[in-house]
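Asker: This is the structure I have questions about; it appears just below.
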Amino acid sequence: MKDIDPDQLVMGDKSGIDLSDSRPSLKALLKQQQEQFAQLPDDTDAIERARLQLDIAETLLGLQQKQDSWDTARETFDVFVAMEQWQDAIEACNVLFQCEHAESLAALGNGVWLSVTYPVPAQLTVAMLQHIVDETPDDSDGGPVAAMVAHYIADLRTEGKEHESLTFFTNQMIAGVAKRHRGIDNDPEMIRMWTEILGLNDVPELLARLGEMLNVIVGDQWWIDRDVLRARLPVN
């Protein structure tokens, strides 16, 4: 099995979209957001202030002002973690990853760890894991591990129609990864055998492998104290 190599991760343009037509409206939105931020009272709640900053960072990213977006979103991450606003912290990581900064992979790793550890909306966790699927080489085990964790989270955290639609999506993720990883062309039985061969159906082992992979991606750039956060988790 070939594990993830951070040096092989592809860090190209994340949008792939021509935003030239939307730029005037984004500039107007940015001006509005910045004026709103400047007018916030001094006693504004820190979370409310940080959420508006994150909105500004997203608009800056849309305008391809990636360094400014990074600087703004990075500041909000620390606020959200301090206030234990995990969904907001993960959304900040999602923006930071797309800024194509030297520490964007660290942002991805931090965000994925938080999104799997805390019961945030499953769609957000799946979106973060999709980044790993998209960025890893075809023959790496990183894509299969991320896709299977995404499916596990979708199954665990959703019900009803949301469960049906999101698990359908994650099953498609798995099928796509199986095709590029071993050339399996949407054959359910072959995919089942492939998951067994790779040991992807053992959830504790799967999560442990994701943790090891995140350690490789992040290296020494953990922005959170995982031991402290684990100690605060409720005991089942």
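The values are calculated or read from the model by the stated rules, or taken from the named source; none is laboratory data. Quick caveat: nothing in here was measured; it's all calculated off a predicted structure. Don't worry about glycine lacking a Cβ; one is built from the backbone with ideal geometry, like all the others, and counts go over all protein chains shown.
Asker: Looking at the structure I just gave you, is Trp70 crowded, with 23+ Cβ neighbours inside 10 Å and in contact with a helix residue (DSSP H, G or I) (Cβ under 7 Å, 6 or more places away or on another chain)?
Answerer: Values: crowded, with 23+ Cβ neighbours inside 10 Å: yes; in contact with a helix residue (DSSP H, G or I) (Cβ under 7 Å, 6 or more places away or on another chain): yes.
In short, yes.
Asker: Here is a follow-up. Among the listed residues Ser115, Ser69, identify the single one that is of a type in the set (Gly, Ala, Ser), more than 28 Å from Val149 (Cα to Cα) and in a helix (DSSP H, G or I). So that I can check it myself, show each step before the final result.
Answerer: Numbers: Ser115 fails: more than 28 Å from Val149 (Cα to Cα).
Being of a type in the set (Gly, Ala, Ser), more than 28 Å from Val149 (Cα to Cα) and in a helix (DSSP H, G or I) holds for just one of Ser115, Ser69, which is Ser69.
Asker: Would it be correct to say that Leu52 is outside any loop (DSSP other than H, G, I, E, B), more than 12 Å from the chain's Cα centre (by Cα) and surrounded by fewer than 23 Cβ atoms within 10 Å (Cβ to Cβ)? Reasoning before the result, please.
Answerer: Working: outside any loop (DSSP other than H, G, I, E, B): yes; more than 12 Å from the chain's Cα centre (by Cα): yes; surrounded by fewer than 23 Cβ atoms within 10 Å (Cβ to Cβ): yes.
Yes.
Asker: Sticking with this structure for a sec: So is Asp134 surrounded by fewer than 22 Cβ atoms within 10 Å (Cβ to Cβ), under 25 Å from Thr117 (Cα atoms) and within 21 Å of the chain's Cα centre (by Cα) or not? Even if it seems obvious, please write down each step before you answer.
Answerer: On the way: surrounded by fewer than 22 Cβ atoms within 10 Å (Cβ to Cβ): yes; under 25 Å from Thr117 (Cα atoms): yes; within 21 Å of the chain's Cα centre (by Cα): yes.
Yes.
Asker: Under the condition of being at pLDDT below 95 and touching a Pro at 6+ places or on another chain (Cβ under 7 Å), which residue from region 137-188 is farthest from Val120 (Cα to Cα)?
Answerer: Top of the filtered list is His181.
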